[in-house]
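Trainee: One structure, as structure tokens, below. Some questions next.
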Amino acid sequence: NGLLFKITSQIVQRCKAYIVERGNIWEQSCSDLMTKLKECLHLNKHCQSQYRSTKHERTGATRELPFVFDESQIFGKFELFS
């Protein structure tokens with residue numbers, strides 16, 4: 001759980017840096033800013049989708065440890081960011 005939380009935190013930090021890499025949000029064109037924001041939101045959805053897909057695949061595996069973590073803890077920062 002801790003590792004997934006750290007990974008998500010790093011993704012959020014990288015998204016923040018990506019959004020302001022060419023200046024603060026007020027100095028950028030609306031279209032550039034919207035593109036970056038949409039890309040970050042897409043990344044959030046993709047990460048959560050991959051987590052759920054992996055969780056679903058692992059649920060059927062009998063020999064492996066269960067893949068059950070608190071999603072709100074893992075993706076909470078991303079949700080607040082988006």
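Laboratory data are not the source of any read-out in this text; all were calculated from the coordinates shown. Values in this document were obtained by computation on a predicted structure and should not be read as measured data.
Trainee: Using only helices, what value at 222 nm comes out for the chain when you add -39,500 (n - 2.57) per DSSP H run of length 4 or more and divide by the total residues, to the nearest 500 deg cm²/dmol?
Mentor: Estimated from H runs of four or more residues: -24500 deg cm²/dmol.
Trainee: Against the longest alpha carbon principal axis of the chain, how many degrees, from 0 to 90 and to the nearest 10, is the axis of helix 30-59 turned?
Mentor: Value to nearest ten degrees: 0.
Trainee: Under a cut-off of 21 Å between alpha-carbon atoms, report the lysines in cross-link reach of Lys38, not counting same-chain residues fewer than 8 places apart.
Mentor: Reachable lysines: Lys16, Lys77.
Trainee: What's the angle, to the nearest 10 degrees (0 to 90), between helix 2-19's Cα axis and the longest principal axis of the chain?
Mentor: 20 degrees
Trainee: If you don't mind, another one. Mean separation of Cα pairs under 8 Å and 6+ residues apart, divided by the residue count of the chain: what relative contact order is that in percent?
Mentor: 47 percent
Trainee: Another one. Send over the Kirkwood Rh of the chain, from the inverse of the averaged 1/r over different Cα pairs, rounded to one decimal Å. Spell out each step's value before the answer.
Mentor: Values: mean 1/r = 0.0706 Å⁻¹.
One over the average 1/r among Cα pairs gives 14.2 Å for the chain.
Trainee: Okay, next question. Cross-link partners among aspartates and glutamates for Lys55, C-alpha distance below 12 Å, same-chain residues fewer than 8 apart left out?
Mentor: Correct list for Lys55: Glu64, Asp70, Glu71.
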